[in-house]
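**Student:** Before I ask anything, let me first share the structure, which is written out below as structure tokens.
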Amino acid sequence: MKKYFLGIFAAVLAVGMSAFTVIHQKQAEATQQEYYWFDLNGGYEGRSASVPTGCDLTHTRDCAYGYINVDDPNNPTQPSGQADLTAKKQ
């Protein structure tokens, strides 16, 4: 038992120390996918991880389209093709 004491102590110490580590806010925010949002007429609504105000994802009428990538992020225009996420109007 004495010859294993140092190894067991090191393992317990490592597990104990990892239990008290803090997840940094930047790491938590990095997991959210941001979309470029466009209304039904192709007007740019902004970029965010959440659905634009007035739209949700539970109803049947289309309200806005979210794309992960656009051709020019400095001057976003709605890409042709299928949206990565479609918001529904209440």
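**Student:** For the range 61-89, name all the residues that are in contact with a strand residue (DSSP E or B) (Cβ under 6 Å, 6 or more places away or on another chain), over 16 Å from GLN32 (Cα atoms) and not in a strand (DSSP E or B).
**Tutor:** VAL70, PRO76, GLN78, PRO79, ALA83
**Student:** Still on this structure: Within the range 18-26, is even one residue of a type in the set (D, E, K, R) and modelled with pLDDT of 80 or more?
**Tutor:** no
**Student:** Let me ask something else about it. Out of all the residues in the range 66-86, which are among the hydroxyl-bearing types (Ser, Thr, Tyr), surrounded by 14 or more Cβ atoms within 10 Å (Cβ to Cβ) and modelled with pLDDT under 90?
**Tutor:** Result: THR86, single match.
The values are calculated or read from the model by the stated rules, or taken from the named source; none is laboratory data. No experiment lies behind these values; they were computed from the predicted model shown. Please note: Cβ atoms are built from the backbone with ideal geometry, for glycine as well, and neighbour counts cover all protein chains shown.
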